[in-house]
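For reference, the structure discussed in these notes is given below.
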Amino acid sequence: MQSPLFAHAEQQTQERYNVQNPQLLRVALEGHDDVLARKGAMVAYQGLIEFDAEYQSRGNQRARAHTGEGLDLMRCHGQGTVYFANLAQYIHVVDVDQDGLTVDSSYVLAMDSSLTHQVIAVDSQYGISGSGKYQLNISGRGKVALMTSGQPLMLQVTPDKYVNADADAIVAWSNGLRVQMQAQTHSSGVWRRRGNTGEGWELSFMGQGWALVQPSEMLPPQNADIGRGASAQFGMGQQGARGQNQGNVWS
């Protein structure tokens, strides 16, 4: 049989993580290094691989219940190769070092089991929560595969050049940055998107590091009641601001 489809054959590589094409990730398992992946993200595998639900600590369970932020993970272990994808989103592999990164859980596809993750609160000048209010802090040493809707933009942040990003478009940023959530409108109108501009909540990044933005936005409901059911779906927590510049960690 002949077909142009055979041009999309598996790419052989010695790398543990390999992006086979922009929307498909290949991870090699060697029997001792487990991978934590988004539940249901496996699309194919070769070899003797087992998939188990990953245990959530009580701290993570409490944070998930209060903020709607968290990861539903499965542990992949064995000997072989696993292929991951999610809704044909673009995939990017990041090396996490001692600085770590902060990311919205919606954009995590897979990561090394050596990494740890905790829910943190991003500061809001209004003392209430908005889209992107709670995020995941990933620390340790290892690799994490992130997803974006479309090809992303990596912005460098320096002490003399800070970056503002739409809270609905930001994907991740380096932990060394100082971050504040804000809306360029008066406090009584923070749930309305800046008059007729269509813009709402934004995150301001200062310091030395990077911020990753995707060319897509998920708009929050314009008339949502604070602390009601829409909070879990759109990342709007129920407890308001809990710390200054990521000062609070759920544990």
**OP:** May I ask you to list the residues in the range 15-44 that are surrounded by 17 or more Cβ atoms within 10 Å (Cβ to Cβ), out of contact with any Phe, Trp or Tyr (no Cβ under 7 Å at 6 or more places or on another chain) and part of a loop (DSSP other than H, G, I, E, B)?
**Re:** 34
Original post:
When you look at residue 64, is it at pLDDT 90 or above and either of a type in the set (Asp, Glu) or not in a loop (DSSP other than H, G, I, E, B) (or both), yes or no?
Top reply: no
**OP:** Among the residues of the range 79-120, count how many are out of contact with any Pro (no Cβ under 8 Å at 6 or more places or on another chain) and part of a strand (DSSP E or B).
**Re:** 23
Original post:
Among the residues of the range 67-77, is there at least one that is at pLDDT 85 or above, open to solvent by less than 30 Å² (accessible area, probe 1.4 Å), within 14 Å of the chain's Cα centre (by Cα) and under 30 Å from residue 213 (Cβ atoms)?
Top reply: yes
Original post:
All but one of (1) modelled with pLDDT of 90 or more; (2) small (Gly, Ala, Ser); (3) under 20 Å from the mean Cα position of the chain (by Cα) hold for residue 106; which doesn't?
Top reply: (1)
**OP:** Could you tell me whether residue 145 is open to solvent by less than 20 Å² (accessible area, probe 1.4 Å) and at pLDDT 95 or above?
**Re:** yes
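The values are calculated or read from the model by the stated rules, or taken from the named source; none is laboratory data. Because the structure is a prediction, the values reported are computed rather than measured. When we count neighbours, we look across all protein chains shown, and the Cβ atoms used for this are built from the backbone with ideal geometry, even at glycine. When the accessible area is computed, the model is the full protein with side chains, heavy atoms only, and any ligands, DNA or RNA have been set aside. Shrake-Rupley method; radii C 1.70, N 1.55, O 1.52, S 1.80 Å.
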